[in-house]
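The values are calculated or read from the model by the stated rules, or taken from the named source; none is laboratory data. Please read all numbers here as calculations on a predicted model, not as lab measurements. We place every Cβ from the backbone using ideal geometry, glycine too, and count neighbours over all the protein chains shown.
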Amino acid sequence: MAATEQAEAQVAKPQAKPAENTFDPVALMQEAPKPEMPPASDQSIAQMPDFATANIYRSVFDASPNARPQANQNLDTVNRLFTGTPGSDILSLLANVADARAQKDRLDPTKDFALGNDNPALLKSRKEVTELAASRGLDMNTFGDSMRKLEQRAKTNETNAHEVKATYDNVARLLRNDGNTQLNKGDMNRLASQIMKQAGDPSLIFQGNYNTCSVAATEVRTYARNPGAAAKLVADVAEKGFFRSALDGTRVDIDRKPHGESLAPEHDKIRSHASEIFQVTAANLFWTDKGKQYSQIHPRQDGGYMDPERNKSDNGERLVDKKTGKPVDGGDEHFPAVPDDGYAKIISRITGRPETNVAIQRTEALDGPAPSVLQPKNQQQFEQMLTQLKKQGKLPIMAGVDTNFEPFKGDGALASTSANAVTEEEGPHQVLIRDFIPARDGKPARILVDNTWSRNVDRLNPSIDPTPGHDGRIPQGAALTVQQMWTAMGAWPEKKK
C-alpha cells in the first residue's frame, strides 16, 4: 500500500473517544496522524488537469509579475497572498505546484518554429521576447502557441519574417516597461499578451459593443499583413500616450487607459485593451484632419448623452469637435464612421508607406469619390479582381456589406449579446475578405470573410456547403460564394458602423 493510502486509511480510522474529564482538543490535534504530502513534480503536474492548477499558477504570478519560476520566490508570493499565515507545508506545496507548472510551460525558442533558426536577427528577437515573457510570469503555453501561429502565417506568406521580428521587438518593449502614470506593469503584460495573441490569430480581434467595424476591419487587416506595424502602434501609445506616423508625421494623442469592455475578462466578442488602443488611434488618424477627435471614455463619465435613434445606451463613444469639445451634431455621430476613401489614409499612416487598393466596393454603394478603392462594375469583374489580388498576394482586403442581406442579417442576430448589441442594427457594416479560393474542379469560387462581431460569425470554412437552408440562412461558418458576397455588398445611404 502506498504511503498516501496508508495515511488515508489511518485518517479514516475512528479515534477513541477520550473520557470527559481528560478531553484536550489541542493535544488530540497534535497526536493525530499527519498524511504525507510529497512535493509536486513535473510528472505529477502533467497528470493534473488544467483547471486544477491554472488558478493556483495564475494567482501566484499575477500577484508578482516579476517573480521568476523558482520555488523560494513563489513561496514568498504565496505567503503574501495569505497575509499573516506563516510558511507551512500547504503553502510550500502551492509554491511547488506553481514552480512545476512554470517548468512545464517553459518555451524553447529554438524548437518547432516555422521560420527556423537560419535568420540570426529573428532568432535573437524570438529568444529575447521569450525570456522577457517568462520573467514577467506570462502563460508561456498560450504565448508560445501565438508565436508559433504567427511564424506559420509568415511561412504561408500572409505576412513575412520582417514583420514577425518587428512584432517580437515591439512586444519586448512592453515587457521591459514597468509602467507609467496611466498604465502599470500588469497593464503592460496584458497588452503584450494581447498583441501576441492577435498577431498569431487576427480573427480573435473584435469590435465589442462599439460602432468601430470600420477601424476593427482595418485592425484585422493590419495584424494579418503587417503585425509589426500593429504592435508598434499599440506599444507607442502605451508608452508615450500618442502615435506619430512615419509617413507624414501626423500625431494623434490617445487616452491609453482601458475603458468599458477593456476592463472585462477576455472572451469571444469582447474587445481587448490592445484593440481599444488600435481602433481609437486608427479612427483619429482619419478624423484629426477634420478637426475632430474620437475617444472612448467610461460611460456617462461626462454626464452621458442619450440619442434614442442611434444610441439607446451610452457605451462611452465620443466624436467631438476639437475646438468646442462637444459631441459632433449634438452627439448624433458618436461612432467613427470612416468614409470608403479614408481607409487607405489610415493604413498608410500606420504602416509608414503609401498604400492603395486596401478596400473593394460596388460603385453604387460608395459614400463618395473613392479613387483608392477597387470598384468592380458587376459580379464577374468582382470575381476577376479577387482572382488577381490572390495571385499578387494582396489579400486580405476590406469590403462593405449591408446587414439587411444574408448571411449578415442572420449572423447579426446570432452574434448579438449585451457584449456587442451593435450587431442588432441593420445597415452598413465593414468586414474583411481574408482569402479567396478560385473556382476549380467544378466547385464554385469561395470567399473567406472575417467579421469582427464575433468568432462564431466568421465565414472562414470552405468545406461547409454554402447552400441556404429552408429558412434562407447560409450554414454557420460557411465561406461565401461570389454571388452571395456580391449581393450582400449592395447599396445603402447610411454610414458604416
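Computed values, structure above
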| item | result |
| --- | --- |
| Test: Glu158 is assigned to a helix (DSSP H, G or I), assigned by TED's automatic domain parsing to the domain that holds Arg271 and among the acidic types (Asp, Glu) | no |
| Flag if Ala230 is part of a helix (DSSP H, G or I) and within 28 Å of Gly412 (Cβ to Cβ) | yes |
| One residue from Arg153, Arg126 being closer than 24 Å to Val237 by Cα, at pLDDT 95 or above and part of a helix (DSSP H, G or I) | Arg126 |
| Among (1) outside any loop (DSSP other than H, G, I, E, B); (2) in contact with a helix residue (DSSP H, G or I) (Cβ under 9 Å, 6 or more places away or on another chain); (3) at pLDDT 95 or above - the single one Asn456 does not satisfy | (3) |
| Matching option when the condition is among the polar types (S, T, N, Q), surrounded by fewer than 24 Cβ atoms within 10 Å (Cβ to Cβ) and under 16 Å from the mean Cα position of the chain (by Cα), among Ser135, Ser203 | Ser203 |
| Top-ranked residue of segment 166-200 - restricted to ones that are polar (S, T, N, Q) and assigned to a helix (DSSP H, G or I), ranked as surrounded by the most Cβ atoms within 10 Å (Cβ to Cβ) | Thr167 |
| Check on Pro227, assigned by TED's automatic domain parsing to the domain that holds Leu285, at pLDDT below 95 and farther than 14 Å from Glu276 by Cβ | no |
| Top-ranked residue in segment 278-310 [being among the polar types (S, T, N, Q) and either assigned to a loop (DSSP other than H, G, I, E, B) or at pLDDT 95 or above (or both); ranked as farthest from Lys240 (Cα to Cα)] | Gln301 |
| Evaluation of Glu424 against (1) closer than 24 Å to Thr363 by Cα; (2) surrounded by fewer than 15 Cβ atoms within 10 Å (Cβ to Cβ); (3) modelled with pLDDT under 90 (one fails), failing number | (1) |
| Identity of the residue in segment 206-224, of a type in the set (Ser, Thr, Tyr) and at pLDDT below 95, that ends up surrounded by the fewest Cβ atoms within 10 Å (Cβ to Cβ) | Tyr210 |
| Within segment 363-388, considering residues that are under 30 Å from the mean Cα position of the chain (by Cα) and closer than 24 Å to Ala439 by Cβ, the one surrounded by the fewest Cβ atoms within 10 Å (Cβ to Cβ) | Thr387 |
| Among (1) more than 15 Å from Ile447 (Cβ to Cβ); (2) buried (at least 17 other Cβ atoms within 10 Å of the Cβ); (3) at pLDDT 85 or above, the one test that His334 misses | (3) |
| Residues that are on the phi > 0 side of the Ramachandran plot, surrounded by 19 or more Cβ atoms within 10 Å (Cβ to Cβ) and in a loop (DSSP other than H, G, I, E, B), drawn from segment 237-277 | Lys269 |
